[in-house]
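Okay, so here's the structure we're looking at.
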Amino acid sequence: MYQPLLPIVKPLVFEGKSGTLHITHKYNDSARLHVKEGIIEQVETLHLQGKKAAATCARWVNISTSFDEGDQGGYTPDPDIDTNDFLSFLEKSSKNIAIIQKKIGDDQAVFKIDADKLNKAKKLGAEDLKIALLFDGKRTIEEVLAQSEKSELAVLTHTCRLIMAGVAERVKEKKDILSKEEREAILGALDEKLTDLVGPAGAILTEDAFEKIGSEPESFAKSEVGPLFEAIKVMLDDDEKEDFTAWSKQFL
């Protein structure tokens with residue numbers, strides 16, 4: 001889950017603890033932070049150690065931790081690791097993480113980008129825009145992170161900037177998505193009806209209606225059947241509307 005490392009590390013330093021803090025990152029990594037009398041002497045991840053390892057785990061957000069108190073030998077202290085600098089970075093990042101917890105919540109959240117607002121946004125930088133390009137209304141935060149080649153903290157921070165700028169909007173979770181068979185039955189019948197009413201342009205009406213209700217055929221939900229039909233109906237002539245309304249009642 002999203003949580004700052006600061007309230008976990010700070011007491012170990014201020015209380016002069018000795019031992020090893022184990023940090024497990026959700027995304028296939030872990031770290032051992034060796035503390036002796038309140039001083040961080042060494043940090044090791046699966047692939048790094050020393051200052052680089054410390055900088056890496058300080059940017060993890062989806063973590064779990066445990067602390068083994070006592071003398072933990074078997075490591076070589078790294079004089080380049082500065083405990084005060086490490087805490088200072090965690091102090092700053094904890095403020096970001098508080099916003100992340102409020103604005104995003106979890107890594108299964110899905111966001112879509114408003115292209116018009118993105119083009120007009122004045123306070124977003126190049127890195128914000130790079131992250132914005134990865135949101136397509138389908139990818140979760142976890143999937144965006146995998147494609148970004150950036151640290152978890154960076155991706156989440158840029159995402160929050162996009163949200164606060166009004167550019168990114170969370171896609172509401174649909175709990176009543178129709179099965180493939182149900183979707184095909186409704187959309188197949190709809191295609192036939194619209195072809196009968198307006199000819200080949202029927203497919204375009206359906207496409208426009210999906211866009212208006214903010215959905216798509218692959219994730220069509222039961223609760224969206226009515227709104228989709230209403231969005232189509234307003235694009236029909238009066239005599240077509242009456243016919244379409246009578247036909248649609250079988251699916252409502």
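For residues in segment 60-88 being among the polar types (S, T, N, Q) and over 30 Å from VAL155 (Cβ atoms), which is most open to solvent (accessible area, probe 1.4 Å)?
Once the filter is applied, the top-ranked residue is THR76.
Those residues that are among the hydrophobic types (A, V, I, L, M, F, W, C) and open to solvent by 70 Å² or more (accessible area, probe 1.4 Å), I need them from segment 23-42; list them, please.
The answer is ILE39, and nothing else.
Which of the residues spanning segment 141-188 are within 25 Å of HIS25 (Cβ to Cβ), open to solvent by 60 Å² or more (accessible area, probe 1.4 Å) and hydrophobic (A, V, I, L, M, F, W, C)?
Across segment 141-188, the qualifying residue is only ALA146.
Take segment 216-225 and flag every residue that is under 18 Å from LEU252 (Cα atoms) and either β-branched (Val, Ile, Thr) or open to solvent by 50 Å² or more (accessible area, probe 1.4 Å) (or both).
PRO217, LYS222, SER223, VAL225
Taking only pairs six or more apart or across chains, which ones have beta-carbon atoms under 8 Å, a first residue in segment 43-59 that is touching a residue at least 40 places away in the same chain (Cβ under 8 Å) and buried (at least 18 other Cβ atoms within 10 Å of the Cβ), and a second residue that is basic (Lys, Arg) and part of a strand (DSSP E or B)?
Listed by first residue and then by second, the contacts come to nothing, as the list is empty.
Take segment 11-50 and flag every residue that is more than 29 Å from the chain's Cα centre (by Cα) and among the aromatic types (Phe, Trp, Tyr).
Passing the criteria: only PHE14.
What tally of residues in segment 14-25 results from selecting those that are part of a loop (DSSP other than H, G, I, E, B) and β-branched (Val, Ile, Thr)?
0
Within segment 15-22, can one find any residue that is open to solvent by 60 Å² or more (accessible area, probe 1.4 Å) and either closer than 27 Å to THR157 by Cβ or not charged (D, E, K, R) (or both)? Break it down into steps so the answer makes sense when it comes.
Within segment 15-22, the subset open to solvent by 60 Å² or more (accessible area, probe 1.4 Å) is 15.
Checking which are either closer than 27 Å to THR157 by Cβ or not charged (D, E, K, R) (or both) leaves us with none.
No, segment 15-22 has no match at all.
Between LEU194, LEU228, which is within 35 Å of the chain's Cα centre (by Cα) and open to solvent by less than 60 Å² (accessible area, probe 1.4 Å)?
LEU228
Regarding LYS241, is this residue open to solvent by 90 Å² or more (accessible area, probe 1.4 Å) and over 15 Å from GLU192 (Cβ atoms)?
Details: open to solvent by 90 Å² or more (accessible area, probe 1.4 Å): no; over 15 Å from GLU192 (Cβ atoms): yes.
The answer is no for LYS241.
Count, please, the residues in segment 199-215 that happen to be over 18 Å from ASP238 (Cα atoms), open to solvent by 30 Å² or more (accessible area, probe 1.4 Å) and assigned to a helix (DSSP H, G or I).
8
How many residues, within segment 216-252, are assigned to a helix (DSSP H, G or I), within 19 Å of GLY137 (Cα to Cα) and of a type in the set (A, V, I, L, M, F, W, C)?
Residues in segment 216-252 being assigned to a helix (DSSP H, G or I), within 19 Å of GLY137 (Cα to Cα) and of a type in the set (A, V, I, L, M, F, W, C): 1 in total.
The values are calculated or read from the model by the stated rules, or taken from the named source; none is laboratory data. Predicted, not measured: the structure shown is a model, and the values here were computed from it. Methodologically, a virtual Cβ is constructed for each residue, glycine included, from the backbone with ideal geometry; neighbour enumeration extends over all protein chains shown. Remember, those area values only see protein heavy atoms, side chains included, never the ligands or the DNA or RNA. Shrake-Rupley method; radii C 1.70, N 1.55, O 1.52, S 1.80 Å.
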